[in-house]
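We did not get these values from a lab; they are worked out from the coordinates using the rules stated. Remember, predicted model here, so these are calculated numbers, not experimental data.
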Amino acid sequence: MNTEGILINISRGEVLHESDLYHSLKSGSIAFAAIDTWFNYPSKDTPAVFPSKKHEYHLLDNLVLSPHRAGFVEGSFPHLDDAIENLNRCYLNQELINKISLTDKY
């Protein structure tokens, strides 16, 4: 990939090397990524987590994250409408919807 490259991963996090992706995004080696897979997932005991224990992905402005929401069957998953809307907005360089605050306590 080059500096204009956009990576989209809707499969499994294991197909990406966590550190390489982070450093490529942070340095601008690739332009953007949209990933539907995290490297650190919420659990019943820890429902509010960041996407990685190793890197501050949540601080990058050239990354869209969604936690396993890419599966789609028309009419069956209306919660995906917001994710699709945000991908379109990102492409058009528009303000994203449903942003979360990284400073608010859960």
Which residues qualify? For residue 34, with a placed amide H closer than 5 Å and at least 5 residues away or on another chain, they are 7, 8, 9, 64
For the stretch 20-36, in residue order, the Karplus 3J(HN,Hα) values (coefficients 6.51, -1.76, 1.60; θ = phi - 60°; whole Hz; Gly and Pro = x) are 4, 4, 4, 5, 5, 5, 5, 7, x, 4, 10, 6, 7, 9, 10, 10, 9
Note, the stretch 47-54: 3J(HN,Hα) by Karplus (6.51, -1.76, 1.60, θ = phi - 60°), whole Hz, Gly/Pro = x, goes x, 10, 9, 8, x, 9, 8, 9
